[in-house]
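The values are calculated or read from the model by the stated rules, or taken from the named source; none is laboratory data. The model shown is predicted, which means the values in this text are computed figures rather than measured ones. Cβ placement follows ideal geometry from the backbone for every residue including glycine, while neighbour counts extend to all protein chains displayed.
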Number of protein chains: 2
Amino acid sequence: MLSHNQIKYINSLKIKKFRMQHQAFLVEGVKSVSELMSSHLKVLKVFAIPEWLDNNFKQIKNKNIEFTEITEEELIKVSDLSTPNQVLAIAEIPSVTFPKTEDLSGMMLALDGIRDPGNMGTMMRTADWFGIKSVICSTDSVDVYNPKVVQATMGSFCRMNVFYVNLPEFFKSLAPEIPVFGAMLEGPDISQKIFSRPGIILIGSESHGISGTLKPFINEPLHIPHFSGTPTAKHAESLNASIANGIICYEICKQLSKNNF
Amino acid sequence: MLSHNQIKYINSLKIKKFRMQHQAFLVEGVKSVSELMSSHLKVLKVFAIPEWLDNNFKQIKNKNIEFTEITEEELIKVSDLSTPNQVLAIAEIPSVTFPKTEDLSGMMLALDGIRDPGNMGTMMRTADWFGIKSVICSTDSVDVYNPKVVQATMGSFCRMNVFYVNLPEFFKSLAPEIPVFGAMLEGPDISQKIFSRPGIILIGSESHGISGTLKPFINEPLHIPHFSGTPTAKHAESLNASIANGIICYEICKQLSKNNF
């Protein structure tokens, strides 16, 4: 059974201020909690219906995870999902600092002022698909431990290192030979470019694109063309940030893999 | 001023049953309403704050559009947006039937059981970017006139022909030489394939992928590889449907454009 204090604690973790205070975040649903339990992250507590506890009893015992059996009605009461799914876990926010040199190898993603939790989660899921391990976010980007971001990553939050930094300072500190790929509404056609070195894909915010202070750090501007239709044909004005990120990840990772990087 | 009946009518259009009954749908915000007013769609009514009416008075008069001046507080009361933006329009749902032969040329998109309004809207926006004009949806896909879909298309709803059909019947009626591209978790690597003819990109639902009844119609199965990492490395299990659609649109449209199709 859920106590009044437990309900209050769970609900508080839907708000960033209290996630920071408790250094804890919510993970919901069978798939995401299963990924959480197989990861390096520390599980603080599990609230689950009897069916889930029966199916996961060995793992809960082996890992010595504190748990409370709850009813479906209780789960619905505290869940952040439109269709609550058997289990809700509380995990510890890992302590991260400024990215170290070893975090800055291979392909990386830098997010500048991304506000939509769905976009942020989807970009992390896409990056994870293509083997990207580090995501560097501006401090005004949405919190990666927001339940809607965690949900949209579909478990990828367990495999990524996410850093919140002053992005201009971060780019200033980078070795100048590291490519910084930036999607622009105009610029060199991505499909005509040759990519031979991994670098950082910089994605701008949904409403303002890449900030003016960051544009000077882009040494590999990219443009995704329409490809089709007459030059005067009307098209969407832009691509969604997470779609642009998907296409850029695809094109660059494809070429790097062919060059056996 | 908004009357009680107007509030009731606007709110009813957030529900599919009443959209069908009134053959009308909501369009919100400066950008989407501006795209609507420049399109072939019929605008039935506009509710806007004085600032918007001042800026758009000529167009409203020229097109003889019925309008009501409202306050920001009234707009907030009826808006479906988290940040209401000056104007809300009601447009007529265009009458569409089964796609005609002229709708079935060039690249097309077929959506099988897409439930998430954001995904549907983003896929339409992406298709519009790449010059795709027709979207064929299974009858269990989310309604394109759902306010959240309209919003996510960012105006692309004005430029697309959207059909709701029995998808297996539709594919049966297609000329067998039309390529049907289907994204699979395993199959031929999309980056190794040569695309020389336009066809239909079939995207499966977020939770179940492409239905079993539709798989036999796929004559061009495609797989988006991870490209990177060791074969045993853990990755996201799948890509979000709208990201897979973005990458497939990009790769096929790029090749067709290079072949001057």
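Yes or no, residue by residue, for (1) over 30 Å from residue B:213 (Cβ atoms); (2) in contact (Cβ under 8 Å) with a residue 40 or more places away in the chain:
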site: B:2; (1), (2): yes, yes
site: B:19; (1), (2): no, yes
site: B:22; (1), (2): yes, no
site: B:55; (1), (2): yes, no
site: B:76; (1), (2): yes, no
site: B:86; (1), (2): yes, yes
site: B:101; (1), (2): no, no
site: B:109; (1), (2): no, yes
site: B:115; (1), (2): no, yes
Legend entry - Exclusive hit being touching a helix residue (DSSP H, G or I) at 6+ places or on another chain (Cβ under 6 Å) and either over 30 Å from residue A:95 (Cβ atoms) or away from chain B (no Cβ under 11 Å) (or both), set A:244, A:236: A:236
Legend entry - Candidates A:149, A:142, filtered to the one that is in contact with a Pro (Cβ under 6 Å, 6 or more places away or on another chain), surrounded by fewer than 21 Cβ atoms within 10 Å (Cβ to Cβ), at pLDDT 95 or above and more than 12 Å from chain B (Cβ to nearest Cβ): A:142
Inset, instruction - Take region A:52-104 and flag every residue that is touching an Asp or Glu at 6+ places or on another chain (Cβ under 7 Å) and of a type in the set (D, E, K, R). - result: A:80
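I need a count of the residues in region B:109-131 that are within 14 Å of chain A (Cβ to nearest Cβ) and crowded, with 24+ Cβ neighbours inside 10 Å.
Here the count works out to 13.
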Inset, instruction - Looking for whichever is out of contact with any helix residue (DSSP H, G or I) (no Cβ under 8 Å at 6 or more places or on another chain) and either among the aliphatic types (A, V, I, L, M) or within 14 Å of another protein chain (Cβ to nearest Cβ) (or both) here; the options are B:156, B:191, B:207. Which one fits? - result: B:207
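Quick one: count up the residues across region A:208-236 that are assigned to a loop (DSSP other than H, G, I, E, B) and touching a residue at least 40 places away in the same chain (Cβ under 8 Å). Walk me through it before giving the result.
If we filter region A:208-236 for residues that are assigned to a loop (DSSP other than H, G, I, E, B), which is where we start, we get A:208, A:210-214, A:218-219, A:224-236.
Those still in the list that are touching a residue at least 40 places away in the same chain (Cβ under 8 Å) too: A:208, A:210-211, A:213-214, A:219, A:224.
Result for region A:208-236: 7.
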Legend entry - strands (runs of 3 or more DSSP E) enclosed by region A:1-72 - at least 2 residues per element that are modelled with pLDDT of 95 or more, surrounded by 13 or more Cβ atoms within 10 Å (Cβ to Cβ) and within 22 Å of the chain's Cα centre (by Cα): A:24-28, A:43-48
Legend entry - Scan of region A:191-243 for residues that are modelled with pLDDT under 95, of a type in the set (D, E, K, R) and under 18 Å from residue A:136 (Cα atoms), ordered by number: A:206
Inset, instruction - Please state which of the following conditions residue B:257 fails to meet, knowing it meets all the rest: (1) modelled with pLDDT of 95 or more; (2) in a helix (DSSP H, G or I); (3) within 14 Å of chain A (Cβ to nearest Cβ). - result: (1)
Inset, instruction - Kindly indicate whether any position in region A:162-171 is over 26 Å from residue A:223 (Cβ atoms) and free of Cβ contacts under 8 Å to residues at least 24 places away in the same chain. - result: yes
Legend entry - Selection from region A:159-187 of residues that are outside any loop (DSSP other than H, G, I, E, B), farther than 19 Å from residue A:123 by Cβ and either in contact with a helix residue (DSSP H, G or I) (Cβ under 9 Å, 6 or more places away or on another chain) or of a type in the set (Lys, Arg) (or both): A:168, A:172
Inset, instruction - Test residue A:118 against the criterion of being part of a helix (DSSP H, G or I) and under 23 Å from residue A:236 (Cα atoms), and give yes or no. - result: yes
Inset, instruction - Collect the residues in region A:152-179 that are over 19 Å from residue A:96 (Cβ atoms) and either aromatic (Phe, Trp, Tyr) or surrounded by fewer than 21 Cβ atoms within 10 Å (Cβ to Cβ) (or both), keeping them in residue-number order. - result: A:168, A:172, A:175, A:176, A:177, A:178, A:179
